[in-house]
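**Q** Quick one: this structure, given as structure tokens, is what I'll be asking you about.
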Amino acid sequence: MAAEKKLAGYICTGCGIGERLDAKQLQAVATREGKLPSVKQHPMLCGAEGVKLIQDDIDAGNATHIMIAACSRRSKVEAFSFPTVAMSRANLREGVIWARPEGDEHQETTQEMADDYIRMAAAEIKFMTVPESSGEQELNKTLLVVGGGMTGMTAAVEAAKAGYPVHLVCDEPVLGGVWKDLYKRVPFRAAAFDVPGGNDVDLPQPEDPGLDDLIEQVMANGRITVHLNAKITKTSGAPGRFSADLSMESGRTLTENFGAIVQATDYKPYDANQLPEFAYGTTPDVLTNFEFERLAKQANGAVIKRPSDGRAVKSVAFIQCAGQRSSNAGHLPYCSGFCCTESIKQAMYFKAQNPGCDATILFDDLRTPGAAGEDFYRSGQQAMVTFTKGQASAVVAAGGDLRVKFKDLILNEDTEMVCDLVVLATGQVPNTGPDPYAQLAVDEAPTEEEKAAARAALAVAPPSILNLDYRQGTDLPHLKHGFVDSHFICFPYETRRTGIYAAGPVRRPMDLKQAMDDAVGATMKAIQSLENAARGSAAHPRVGDLSYPRFRKEGCTQCKRCTVECPFGAINEDEQRYPQFNESRCRRCGTCMGACPVRVISFDNYSVDTVGQQLKAVDVPDEFSEKPRILCLACENDAYPALDMAAQSGEHITPFARVIPVRCLGSVSLSWVTDALNSGYDGIVLMGCRRDDDYQCHFVRGSAMAAERLSKVGDTLTQLNLETERVAVHEVAITDLKRAPAILNEMAETITRIGMSPFKF
Amino acid sequence: MGELNTAMIERYRNSFLKEVEANVEEGEWVKMCMQCGVCSGSCPLGKFWEHPPQEIFMMIRAGKREAVLQSESVWMCTSCYNCIVRCPRELPITHIMHGLAHYAKRLGLVPKTNPTAKFAQMFWDNLMVKGRINELKLGLALYFMNGFGDGIKVALKNQKLGMAMMKTGRMNPKEAFGGHAVKDLAGFHKVLKKAQELEDARIAQNGPPAGA
């Protein structure tokens, strides 16, 4: 990039901007106050002609830093895409004219709003540079797939099909994992579209599990290297340059480099020894669904016999939700989501293989997610499986029979049934490593007592799977109940370790079909990740962002806040305890920037200055003007779009608010708050995503970090003799179209009530 | 008919669901119920049923044979078809209720005092005579169902309605003397006889021989 900065401003007068605002005035502000040597206007800047106007200046070397005053930075991103120059956007359309009512009485304050946004964008651009690559990038197309089950094998095959070599690591002597005992699988398809309702129609039936086929595909694929009986003893690096030590059966250690990793370690069957009420362990005729599947596989289509005496089973009961969906100690609090269809399938084995056998499924809520879903339920009903809505409380073995005591929930009575065999529909426990934050809790516990408690929690944690050489622990962080994911609704497969994707039941409980679909999705994500890493661009959610955190080493005090607070564990520490940023592990949220007390962390196009200078550029009228100024720092993921969309739908905001988008509330530097108060702002509103449990923060912990840091702002305000109401933190969702503007308007009312800030000069 | 009942108990000792499947009209649908309760919620008389349809289906699966077949509930259905329209599994619930009532009748298990069953019998007997319903006779029979005194009371109460029906030609006093018949009364009886034979054959196939 040329060393000389050539600033240029472009003001669009289309979309009503020219009619509602005084364009001459805007031009004057940009030139005189914004100090932009060149400012041009166009009636439709996003059109071919307008874009050419800008591009010509860039091509002629007359513009290296451009300010575009037009619509929101979220609009017209394709038209205003000038990757070779630094660019700031003044939001005159959604931010000003759409957010304000028409009419002469509003004209003055509306124009002032627009003038300020020009000042802000002109100030911002002076502190931006074009993001430049760090030179850290590498393209490594090889994927590491951890787990040799159906999920892992599907991931390997899919990656290989897409042209990416794979190393498949399986800690068992054979492939198949938890799925290798399947006799048949729940069908992968729903009924044909034209199958009518009925009691004797063509519905999906249990089908061949397809395990052997898949193993064959894996073994025959030249791009897939299978390591059986292997474990990962160390993983280090970042997307594009992961290095993993594989400890082989022979005792040899193989070190390989990978671009990205898919963890498909599936689940562990629930330990039914915690279910003595169902006589588990006291008679071999009470089995878990996993154990029964093995029995069915042994029978291989012949009559299924009781384990205790080898007698053909004449009557079987399936107890759904055994040790699940319950808050009892040792039970799983969640629904495993696969056991209803699994029991239907297993009940159908009896209907097909044991003539005249009664099969009863005792359920509370029958849920049939997955491809075949409700059609498979009907399939079971057609086969005359008896579905009884009842809650089993006990199984008693007496005289060779089993008595299942249950409450019939429809007839509302306690009753019992007699049968030969009981199958417990038990759940999936994710096969994941220890939660890294459980380890950190030990390391960082302040007192010995707390250390001991944390150690006790860690003692029951499972052994590590990935053995990550990361500052923040050895494995993927847990979301809930030991499942690893960062948000299974909004961003599936994304974990909190960039470049490592979770597929299948490690992410959330699921059946085989969903696990295999998951493998495809996670593999695609992993491929994107390694390709992005090669280009130096970010992964989700700032996909394509080339900026990355730079830090001024000489200013760093080695306080470690950034390495501890990074939600993605991207930052390691070098031998001298300075942060090591690992660019391709970074999601560019800026939480480190917000954490840094000495402000040495910045991005090329986003820094303490780019925001700090904007808020200082705002014209703050004196105390007696009755024109307060409210600074709004809004998360670019939810709050800022919400404000844009609110304006689009005709919601009005106070003309005294000045909104600055931030990458995440976690990136907010406390210096911005102090600067704003010192500059005479009357109120500050911070809008971030919902935090903590059921969070919606795109960077998982950013919003929570910000809330924690800002919780101390009240003290600062009191020290300054200012009212604590002047700074407010709000959780705003993208759907809050009415609420987001209302929050700003409330702040304006608050200021009317408590009076203007005394810190105006 | 008591013997048929005993024979059926013997035959389907294990599963009332199978008995219903084989012998009740549309009974093969019962297994498809998913216990959502929409039928019970949709029934305009639902709160008056001792066992609404959802419960009846559950009771069949739970093997509560006597409770179902001796139940007053299956006689409560007014054939409004609300449940059929709303059932997500498309069960012909109205038909199943009538099927169950009919099967109970065949087995001789209907509660003696059930008014709907009594009326149904009355309706049937009335219809058999001429192949058409004789409104006057049916109405009078209904009024006097519970004795002479009660009949007079009910008749007086409905006097106005009766007069109006006569005035508009909906009821004819002359019908008291015989009444008019369908064109081919002998053919009508032949049809019914054949239907009875078919029904007997079906029961015979599923259970003991007719008349056993």
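**Q** Taking Cβ-Cβ under 4.7 Å as the only way to count a partner, pick out the unpartnered cysteines of chain B.
**A** Lacking a cysteine Cβ partner under 4.7 Å: B:CYS33, B:CYS36, B:CYS43, B:CYS77, B:CYS80, B:CYS87.
**Q** Would you calculate the separation in nanometres between label points at A:ALA60 and A:ASN678, each defined as 7 Å from the Cα along the Cα-to-beta-carbon direction?
**A** Placing both labels 7 Å beyond Cα along the Cβ direction yields 4.2 nm.
**Q** Still on this model: Counting partner chain Cβ atoms within 10 Å of every residue's Cβ in B:28-35, what's the average?
**A** Numbers: counts 5, 5, 2, 10, 9, 2, 7, 7.
That works out to 6 on average.
**Q** Using per-residue counts of other Cβ atoms within 10 Å, averaged over each peptide, order A:456-463, B:17-24 from highest down.
**A** Listed from highest to lowest mean packing, they are B:17-24, A:456-463.
**Q** In peptide A:193-205, what is the residue-averaged number of other protein chain Cβ atoms found within 10 Å of each Cβ?
**A** Rounded to a whole number, the mean comes out at 2.
**Q** Return the calculated 222 nm mean residue ellipticity for chain A, to the nearest 500 deg cm²/dmol, obtained by summing -39500 (n - 2.57) across DSSP H runs with n ≥ 4 and dividing by the residue count.
**A** Calculated from helices alone, the mean residue ellipticity at 222 nm is -8500 deg cm²/dmol.
**Q** State, as an integer percentage, the relative contact order of the range A:620-761 based on alpha-carbon contacts under 8 Å between residues 6 or more apart.
**A** 36 percent
**Q** Let me ask something additional. Could you tell me which of A:ASN678, A:SER38, A:GLY147 has its Cα farthest along the dipole of the protein assembly as shown towards the positive end, charges placed at Cβ (Lys, Arg +1; Asp, Glu -1), taken about the Cα centre?
**A** So the residue furthest toward the plus end is A:GLY147.
**Q** Could you please tell me the mean projected area of the C-alpha convex hull for the protein assembly as shown, averaged over all directions and given in square nanometres to one decimal?
**A** Mean orientational projected area (the protein assembly as shown, Cα hull): 57.8 nm².
**Q** Here is a further query. Pairs to check: A:LYS513/A:LYS738; A:LYS451/A:LYS560; A:LYS76/A:LYS161; A:LYS345/B:LYS18; A:LYS35/A:LYS560. Give those whose C-alpha atoms are more than 32 Å from each other in this structure.
**A** Where the Cα-Cα span goes over 32 Å, the pairs concerned are A:LYS513/A:LYS738; A:LYS76/A:LYS161; A:LYS35/A:LYS560.
**Q** Rounded to the nearest 500, what is the 222 nm mean residue ellipticity of chain B from helices alone, with -39500 (n - 2.57) per DSSP H run of 4+ residues and division by all residues?
**A** -17000 deg cm²/dmol
**Q** Quick one: 3J(HN,Hα) in Hz for the range A:718-728, Karplus 6.51/-1.76/1.60 with θ = phi - 60°, rounded, Gly and Pro as x.
**A** So the Karplus estimates, Gly and Pro as x, are 4, 4, 7, 6, 10, 6, 5, 5, 5, 10, 10 Hz.
**Q** Measuring from the lowest to the highest alpha carbon on each principal axis, how far does chain B reach, largest first, in angstroms?
**A** Largest to smallest, the principal-axis extents are 55, 39, 32 Å.
**Q** Then there is this: If I fit a long axis through the Cα atoms of helix A:373-382 and take the longest principal axis of the Cα atoms of chain A, what angle between them do I get, 0 to 90°, rounded to 10?
**A** Tilt relative to chain A: about 20 degrees.
**Q** OK, next. Please arrange A:CYS566, A:CYS357 by how many other C-beta atoms lie within 10 Å of their C-beta, fewest to most.
**A** Values: A:CYS566 30, A:CYS357 22.
In increasing order of surrounding Cβ atoms, one gets A:CYS357, A:CYS566.
**Q** A follow-up question, please. Tabulate in residue order the Karplus-calculated ³J(HN,Hα) for the range A:412-420, using 6.51 cos²θ - 1.76 cosθ + 1.60 with θ = phi - 60°, rounded to whole Hz; enter x for Gly and Pro.
**A** With coefficients 6.51, -1.76 and 1.60, one gets 6, 8, 7, 8, 8, 9, 10, 8, 8 Hz.
**Q** So what are the radius of gyration and Dmax for the Cα set of the range A:78-191, in Å?
**A** 28.2, 80
**Q** Another question about this same structure. Expressed in nm to one decimal, what extension gain is obtained for the pair A:ASP692 and A:GLU575 from 0.36 nm per residue of sequence separation less their Cα-Cα distance?
**A** Details: separation 117, 0.36 × 117 = 42.12 nm, distance 3.32 nm.
Between A:ASP692 and A:GLU575, full extension yields 38.8 nm more.
**Q** Project the alpha carbons of the range A:269-428 onto their principal axes and report the range along each, largest first, in whole Å.
**A** Projected onto its principal axes, the Cα set of the range A:269-428 covers 39, 38, 33 Å.
**Q** Hey, fewest Cβ within 10 Å first, where do A:HIS481, B:HIS51, A:HIS487 land in order?
**A** Working: A:HIS481 12, B:HIS51 21, A:HIS487 16.
Ordered by Cβ neighbours within 10 Å, fewest first: A:HIS481, A:HIS487, B:HIS51.
**Q** Have a look at the DSSP beta bridges in chain A and tell me what percent are antiparallel, nearest 5.
**A** Counting only bridges with both partners in chain A, antiparallel ones make up about 35 percent.
**Q** Put +1 on the Cβ of each Lys and Arg and -1 on the Cβ of each Asp and Glu in the range A:620-761; which of A:SER667, A:HIS730, A:SER649 then has its Cα farthest toward the positive end of the dipole?
**A** About the Cα centre, the residue reaching furthest to the positive side is A:SER667.
**Q** Would you mind listing how long the range A:189-230 runs along its three principal axes, going by Cα atoms, in whole Å with the largest first?
**A** That gives 50, 19, 13 Å along the principal axes, largest extent first.
**Q** Still on this structure, I have one more. Over its Cα atoms, what ratio of radius of gyration to 2.2 N^0.38 Å does the range A:620-761 give?
**A** Working: Rg = 14.5 Å, N = 142, 2.2 N^0.38 = 14.5 Å.
So the range A:620-761 has a normalised radius of gyration of 1.00.
**Q** Then there is this: In whole angstrom, note down how far apart the Cα centers of the range A:1-63 and the range A:148-213 are.
**A** 57 Å
**Q** Still on this model: Students often forget the sequence filter, so: which lysines lie under 18 Å Cα-Cα from A:LYS407 once same-chain residues fewer than 8 apart are removed?
**A** A:LYS389, B:LYS64
**Q** In addition: In a Gaussian network model over chain B where Cα atoms closer than 10 Å are linked, find which of B:MET34, B:MET97, B:MET166 has the largest mean-square fluctuation.
**A** B:MET166
**Q** Evaluate Rg over Rh across the range A:550-589, taking Cα atoms for both radii and Kirkwood's formula for Rh.
**A** Ratio of gyration radius to Kirkwood radius for the range A:550-589: 0.93.
**Q** State to the nearest 20 debye the size of the charge dipole of the range A:4-104 about its Cα centre, where the only charges are +1 on K and R beta carbons and -1 on D and E beta carbons.
**A** The calculation lands at about 260 debye.
**Q** With 10 Å bins from zero, work out the P(r) of the range A:351-434 over every alpha carbon pair and list the percent per bin.
**A** 14, 39, 34, 11, 2
**Q** Moving to a separate point now. Given charges of +1 on the Cβ of Lys and Arg and -1 on the Cβ of Asp and Glu, with all other atoms neutral, how large is the dipole of the range B:115-191 about its Cα centre, in debye to the nearest 20?
**A** About 200 debye.
**Q** Still on this structure, please answer the following. Ignore the peptide's own chain and count Cβ atoms of other chains within 10 Å of each Cβ in A:377-388; give me the average, rounded.
**A** 4
**Q** Can you compute 3J(HN,Hα) from phi for each residue in the range A:143-160, using the Karplus curve 6.51 cos²θ - 1.76 cosθ + 1.60 with θ = phi - 60°, rounded to whole Hz and x for Gly and Pro?
**A** Karplus-based 3J(HN,Hα) across the range A:143-160 equals 9, 9, 10, 9, x, x, x, 4, 5, x, 5, 4, 4, 4, 5, 5, 5, 4 Hz.
**Q** Given the C-alpha centroids of the range A:709-761 and the range B:171-201, what is the distance between them in whole angstrom?
**A** Computed from Cα coordinates, the inter-centre distance equals 88 Å.
**Q** Just going by the charge dipole of the protein assembly as shown, with Lys and Arg at +1 and Asp and Glu at -1 on Cβ, which of A:ALA121, A:ALA162, A:PHE242 is farthest out on the positive end?
**A** The residue sitting farthest along the positive end of the dipole is A:ALA162.
**Q** Still on this model: Just how far, in whole angstrom, is the range A:341-374 from the range B:51-128 if you go by their alpha carbon centroids?
**A** 29 Å
**Q** To continue, here is another question. With bins 5 Å wide starting at 0, give me the P(r) of the range A:543-692 over every alpha carbon pair, in whole percents.
**A** The percentages, shortest bin first, are 2, 9, 17, 19, 18, 14, 10, 6, 3, 1, 0, 0.
**Q** While we're looking at this one, here's another question. On a 0 to 90° scale, report how tilted helix A:289-299 is relative to the longest principal axis of chain A, with both axes built from alpha carbons and the result rounded to the nearest 10.
**A** The two axes meet at around 50 degrees.
**Q** Taking Cα atoms, how many degrees apart are the long axis of helix B:2-11 and the longest axis of chain B, rounded to 10 and kept between 0 and 90?
**A** Here the helix axis deviates by roughly 20 degrees.
**Q** Moving on. How large is the charge dipole for the protein assembly as shown, taken about the Cα centre, if only the Cβ atoms of Lys, Arg (+1) and Asp, Glu (-1) carry charge, to the nearest 20 debye? Spell out each step's value before the answer.
**A** Values: 108 positive and 119 negative charges, 499 e Å.
About 2400 debye.
**Q** Treating cross-link reach as a plain straight distance, find the aspartates and glutamates whose alpha-carbon is under 19 Å from the alpha-carbon of A:LYS5, omitting any fewer than eight places away in the same chain.
**A** Hits, sequence-local ones excluded: A:GLU33, A:ASP56, A:ASP57, A:ASP59, A:GLU124, A:GLU132, A:ASP604, A:ASP609.
**Q** Same structure, new question: Can you give me the relative contact order of chain A as a percent, contacts being Cα pairs under 8 Å and 6 or more apart?
**A** Relative contact order, chain A: 12 percent.
**Q** Quick check on packing: order A:516-525, A:622-631 by the mean number of other C-beta atoms within 10 Å, highest mean leading. Don't jump to the answer; show the numbers that get you there.
**A** Numbers: A:516-525: 23.0, A:622-631: 17.5.
Per-residue Cβ counts within 10 Å, averaged per peptide and sorted highest first, yield A:516-525, A:622-631.
**Q** Quick one: in the range A:682-738, what % of C-alpha pairs are over 13 Å apart?
**A** On the way: 1007 of 1596 pairs.
The answer is 63 percent, as a whole percent.
**Q** Mind checking which lysines have their C-alpha under 25 Å from B:LYS160, skipping anything on the same chain fewer than 8 residues away?
**A** Cross-link targets: B:LYS137, B:LYS174.
Just so you know, all these numbers are worked out from the coordinates, no wet-lab data involved. Here the structure is a predicted model, which means the values were calculated and not measured. A quick note on method: Cβ atoms are made from the backbone with ideal geometry, for glycine too, and the neighbour counts reach across all protein chains shown.
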